[in-house]
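To keep things clear, I will list the structure first and then write my remarks on it.
The values are calculated or read from the model by the stated rules, or taken from the named source; none is laboratory data. Just so it is clear, the structure is predicted and the values come from calculations on it, not from any experiment. Cβ coordinates were reconstructed from backbone atoms using ideal geometry, including for glycine residues, and neighbour counts include every protein chain displayed.
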C-alpha cells in the first residue's frame with residue numbers, strides 16, 4: 001500500500017491563487033450540494049485564498065440547505081456570496097453561512113415557514129409531517145435569529161405568509177453585509193459550480 005503512494009518530496013508545491021470567481025444557479029438539492037462541495041474543496045486543494053460566488057437559488061431541501069450553511073461556515077478559505085437576483089427559501093439559510101454576504105441593488109430575498117403536501121395522507125402520516133415541519137421551522141428559525149434582526153411585525157408576517165425582502169432591507173436586517181455587484185475584473189475566468 002505505502003509503495004503505491006506518491007512521494008510527497010517529489011510533488012511540486014501548488015502556487016497559491018489569490019482569488020477566483022464562480023457562479024452557482026440552481027436548487028439546493030443533493031446534486032447542487034455535491035456541486036458546491038466538489039467546487040469548493042477543489043478550490044481549497046488548489047490553495048485559493050478567496051472565492052467570490054454568485055449565488056442564485058429559489059430554494060430546495062431543508063436538510064440540504066442547513067448542510068450547505070454549515071459547510072460555508074466551516075470553510076478554510078474566504079468566501080463572499082453575491083445575491084444578484086433571488087435567494088429564497090432554504091437558500092437564504094445557506095447564504096447566511098458565508099463570512100461575507102453581498103446583494104445587488106436589484107436583488108431580493110424570500111423567507112417562508114416549512115411547507116409540505118398532505119394530499120392523500122392518513123392521520124398518522126399527517127402527524128408525522130406536522131412534527132417534521134415543526135422541527136424544521138425550529139432549526140431554520142434558530143439560524144435566522146442568530147444572524148438577522150427584523151422588526152417584530154416582519155417575524156409575525158413570516159408566521160403567516162411569504163416574506164419578501166429588498167436588498168436595502170437585507171442589509172438593514174443583517175442578511176447581507178452590503179449592497180455590491182458581482183463584478184469580476186476584466187478577463188478573469190468565471191467558473192461554473
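Counting only residues that are out of contact with any helix residue (DSSP H, G or I) (no Cβ under 6 Å at 6 or more places or on another chain), surrounded by 15 or more Cβ atoms within 10 Å (Cβ to Cβ) and either modelled with pLDDT under 95 or farther than 17 Å from residue 95 by Cβ (or both), how many does the stretch 156-183 have?
Of the residues in the stretch 156-183, 2 are out of contact with any helix residue (DSSP H, G or I) (no Cβ under 6 Å at 6 or more places or on another chain), surrounded by 15 or more Cβ atoms within 10 Å (Cβ to Cβ) and either modelled with pLDDT under 95 or farther than 17 Å from residue 95 by Cβ (or both).
Looking at the stretch 108-117, is at least one residue modelled with pLDDT of 75 or more and more than 15 Å from residue 173 (Cα to Cα)?
yes
If a residue counts only when it is over 22 Å from residue 165 (Cβ atoms) and modelled with pLDDT under 95, which strands (runs of 3 or more DSSP E) contained entirely in the stretch 5-106 have at least 1 such residues? I'd like the intermediate steps shown before the answer.
On the way: elements: 17-25, 48-56, 78-83, 86-88, 100-103.
Of the strands (runs of 3 or more DSSP E) lying wholly inside the stretch 5-106, those with at least 1 residues that are over 22 Å from residue 165 (Cβ atoms) and modelled with pLDDT under 95 span 17-25.
What pairs can you find where one residue is in the stretch 170-183 and free of Cβ contacts under 8 Å to residues at least 60 places away in the same chain, the other is crowded, with 17+ Cβ neighbours inside 10 Å and part of a loop (DSSP other than H, G, I, E, B), and their Cβ atoms are less than 7 Å apart, with a gap of 6+ or different chains?
173/148; 173/150; 174/148
Just to be sure, is residue 192 more than 20 Å from residue 106 (Cα to Cα) and at pLDDT 95 or above? Break it down into steps so the answer makes sense when it comes.
Details: more than 20 Å from residue 106 (Cα to Cα): yes; at pLDDT 95 or above: yes.
Here the answer is yes, as residue 192 does meet what is asked.
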